[in-house]
Amino acid sequence: MKNRNRLTCVELRAALLAFKRAQPWLPSGLKKWIFGLLLVPGLALAAPDTVFTVQAWKNQTLVRALTQDAACPGIRFDQHAERPMRLRVAPQSLAARPDQAKTDAGPVEFKERVCEARWPKGAKTARVAGQPVPAPHAHIHRIVLIGDTGCRMKAAEQAFQDCNDAVAWPLAQVAMSAAALKPDLVVHVGDLHYRESPCPEGNAGCAGAAWGYGDGAWREDFFIPASPLLRAAPWVFVRGNHESCWRAGQGWFRFMDPSPWSELRSCDDPANDADADFSEPYAVALSKHTQLIVFDSSKTAGKPYAETDLAFQKYADALALARQLMRKAPANFFVSHHPLLALSSGWRSGKAAAAGNQGLQSVFEASFPQRLFPQGVQLTLAGHIHAFEAINFVSDHPTSLVLGNSGSSTDTQLPLSYPEGLSLYPGVQVGDYVASADFGFATLDRRPAGAKDAWLLTEYNTQGRPVFHCRVGQGKSHCAKAEDGLE
């Protein structure tokens, strides 16, 4: 009976979202009321155990479940007997870390136990406590790309997004629209958690919103609104700067990190941050020809490193490991939270500016002068900038995608054409360029072309209507507005 009641709450939440989406004429006040129902604490607590699939190291697939029950749920693969999932990490109450940046943070409460199971080779289906689990695909044909999804609540910047408004914070709508496209894989390019400060008294836009670094904020900022997409396909999670140890790193390692749980790499003890803030890269196969290289850039600085800096050495070692992984496939998509070649709106200066991360640039330049990336990298995917960008280069640089517009407050509008005279990096020459600071998400659809893969990139608005189409392949791209069509 308990599971049946919980499922009813999830179905109610989905029905409310579907009704709101289907009735665009609804008054704004009623829209806010409906979205408020989706996030009220009673419904959140009554939701079923959160279950999702993670693509992990060495092309392993993991099933994760979050539960407040006293034991891990059972999992059943194909027609085999159900067996209990193993405990990844138990519920825990932790004192706030002493970092100055966490001045708003109190004790960190994790009330849910995290359970996991490795997907056996050859298994086709899985169920956790009777719920179907997204199965991994041997050949990936459609990838959903999202990033920077959380609702910004940060007192230090006096930034409080309207988390109770489904239009002002559209992650729930993005998740429903993206799930409707039936992806084979979802890639989140980082920054899942943004609820760092309590909502100010009298602010109706975020009144009652959970905040802090415990699982209550994680549940409201990600697991509840993203639930339709979590049920649609396996995920690749990329670690962003909001998931570094002094911020939401503790939740990152409990919930999203693809490696085995380790107390030394949990971010619970700041004495271990020199290790926990840096993770080894790993590969996720998309086809025999193409793979993702997932790179943890969460702790990188905005200024160039000296070669004697610990971070320079850590990132140089990670880049060397990434280069070894790239030898397994001729085409590699390099995925990190911070872009190396990108544009920002210059919201402080009012003028568009280069926004490549200078810390990473200094490391990558030392190993791969001018190009920054090994020749096997044909495409880079990142977030951090709250906008969508697709940049093709006349020079020998891989196409750069920025996908940071899926929920958190977006940047001011980027220029419609590339600014004349602006240099993203020495030796870089920009060709094809499109950008938008409107909320949305993207897909990559594989188009087989002989022995090599070609891809169609589509940028959508929150309702799932195409905004741009781009042909992507062999390190190059060409884009056009959806209504104009590609040549």
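The values are calculated or read from the model by the stated rules, or taken from the named source; none is laboratory data. Keep in mind the model is a prediction, meaning the values are calculated, not measured. Ideal geometry is used to build each Cβ from the backbone, glycine not excepted, and the neighbour counts take in all protein chains shown.
Going through (1) modelled with pLDDT of 95 or more; (2) at negative phi; (3) assigned to a loop (DSSP other than H, G, I, E, B) one by one, K351 falls short only on (1).
Quick grid of which residues meet (1) modelled with pLDDT under 95; (2) within 26 Å of L416 (Cα to Cα); (3) of a type in the set (A, V, I, L, M):
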site: F295; (1), (2), (3): no, no, no
site: P304; (1), (2), (3): no, no, no
site: T308; (1), (2), (3): no, no, no
site: D317; (1), (2), (3): no, no, no
site: P330; (1), (2), (3): yes, no, no
site: P339; (1), (2), (3): no, yes, no
site: G359; (1), (2), (3): no, no, no
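Scoring R127 on the criteria (1) assigned to a strand (DSSP E or B); (2) buried (at least 21 other Cβ atoms within 10 Å of the Cβ) leaves a single failure, condition (2).
Has segment 76-98 got any residue that is modelled with pLDDT under 95, assigned to a loop (DSSP other than H, G, I, E, B), in contact with a Phe, Trp or Tyr (Cβ under 9 Å, 6 or more places away or on another chain) and within 25 Å of D296 (Cβ to Cβ)? Checked against the condition, which is being modelled with pLDDT under 95, assigned to a loop (DSSP other than H, G, I, E, B), in contact with a Phe, Trp or Tyr (Cβ under 9 Å, 6 or more places away or on another chain) and within 25 Å of D296 (Cβ to Cβ), segment 76-98 yields at least one hit. Going through D162, D148 one at a time, which residue ends up being touching a residue at least 40 places away in the same chain (Cβ under 8 Å), buried (at least 19 other Cβ atoms within 10 Å of the Cβ) and touching an Asp or Glu at 6+ places or on another chain (Cβ under 6 Å)? Residue meeting the stated conditions: D148. For segment 430-465, a residue qualifies if it is over 22 Å from V167 (Cβ atoms), loosely packed, with under 14 Cβ neighbours inside 10 Å and of a type in the set (D, E, K, R), and exactly one does: R447. Set side by side, the residues F364, F368, F373 differ, and just one is free of Cβ contacts under 8 Å to residues at least 12 places away in the same chain and in contact with a helix residue (DSSP H, G or I) (Cβ under 9 Å, 6 or more places away or on another chain), which is F368.
What do you reckon, is A135 assigned to a strand (DSSP E or B) and buried (at least 16 other Cβ atoms within 10 Å of the Cβ)?
No.
Residue pairs, Cβ under 7 Å, 6 or more apart or interchain, first in segment 319-343 and in a loop (DSSP other than H, G, I, E, B), second of a type in the set (K, R). List them. Close Cβ pairs (under 7 Å, with a partner that is of a type in the set (K, R)) amount to H337/R239.
Assess whether P415 counts as being without any contact (Cβ under 8 Å) to a residue 60 or more places away in the chain, more than 27 Å from S244 (Cβ to Cβ) and surrounded by fewer than 19 Cβ atoms within 10 Å (Cβ to Cβ). In short, no. Checking each residue in segment 355-390 for being within 26 Å of L310 (Cβ to Cβ), of a type in the set (G, A, S) and part of a strand (DSSP E or B) picks out only A382.
Being farther than 22 Å from D104 by Cα, polar (S, T, N, Q) and either surrounded by fewer than 24 Cβ atoms within 10 Å (Cβ to Cβ) or under 16 Å from the mean Cα position of the chain (by Cα) (or both) is a description that applies to S227. For segment 394-408, a residue qualifies if it is surrounded by 18 or more Cβ atoms within 10 Å (Cβ to Cβ) and either among the hydroxyl-bearing types (S, T, Y) or within 28 Å of Y194 (Cα to Cα) (or both), and the qualifying residues are T399, S400, L401, V402, L403, G404, N405, S406, G407, S408. State yes or no: is S406 part of a loop (DSSP other than H, G, I, E, B) and in contact with a helix residue (DSSP H, G or I) (Cβ under 8 Å, 6 or more places away or on another chain)? Considered against the rule, which asks whether it is part of a loop (DSSP other than H, G, I, E, B) and in contact with a helix residue (DSSP H, G or I) (Cβ under 8 Å, 6 or more places away or on another chain), S406 comes out as yes. Scanning segment 91-123 for residues being surrounded by 11 or more Cβ atoms within 10 Å (Cβ to Cβ) and small (G, A, S) gives a total of 6.
Take A156 and tell me if it is under 19 Å from N461 (Cα atoms), assigned to a helix (DSSP H, G or I), touching a residue at least 40 places away in the same chain (Cβ under 8 Å) and touching a helix residue (DSSP H, G or I) at 6+ places or on another chain (Cβ under 9 Å). Judged against the criteria, A156 is not a match. K314: part of a loop (DSSP other than H, G, I, E, B), within 20 Å of F253 (Cα to Cα) and free of Cβ contacts under 8 Å to residues at least 60 places away in the same chain, yes or no? No: the conditions fail for K314.
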